[in-house]
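Colleague: Here's a structure for you.
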């Protein structure tokens, strides 16, 4: 996919959110100067989720950092855990996702979201229930394998993929999906690859690319509505 610079509105929103995070990052990591007692990034996020501390969770996820995956605060630098999220959306991106879902007249999203009900679809149930799997924060529905028919995402849910890497499998998801809204998150350049890419469905009937939103210097969100 050719390099994509992002839409003006999304770029402006991304820059404003980045500036706001630079000055108002509300969450500070605990630094005990002891690696054995210091909680990991995953432990701290789990603790915040259990407390229903939504603003603090968003601050950690969206907090200061770089494209190499570091979380930087005034007290310490912590490596981001990619098993928690492939991309780290700014608050404006979460609002863009929720806005697209609601514009389609929906209130739920199949994958990830903000301010809407969320379900997730995954393969390899054994791994997700093993000790090696990351914690999950949404209910998961497991498919029966690649040889089975794709799961039917309810038409009351928007369909979203984030860094998906199986174009044929995703096409099968879309082919049986009867809802009105599609969202795809992926890279903006050839340095990383996804199938589908964020813009791959802009000429695929019956989908119409309505807008894009820049998440970071390397990631964008593409929003589609079903053409009627």
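Colleague: Within region 124-133, is there a residue that is over 18 Å from residue 84 (Cβ atoms) and surrounded by fewer than 14 Cβ atoms within 10 Å (Cβ to Cβ)?
Modeller: Yes, region 124-133 contains a residue that is over 18 Å from residue 84 (Cβ atoms) and surrounded by fewer than 14 Cβ atoms within 10 Å (Cβ to Cβ).
Colleague: Is there a residue in region 37-45 that is outside the structural domain of residue 214 (by TED's automatic domain parsing), at pLDDT 80 or above, under 27 Å from residue 158 (Cβ atoms) and assigned to a helix (DSSP H, G or I)?
Modeller: yes
The values are calculated or read from the model by the stated rules, or taken from the named source; none is laboratory data. Computed from a predicted model, the values in this text were never measured in an experiment. Neighbour counts are summed over all protein chains in view; Cβ atoms, including those assigned to glycine, are modelled from backbone coordinates with ideal geometry.
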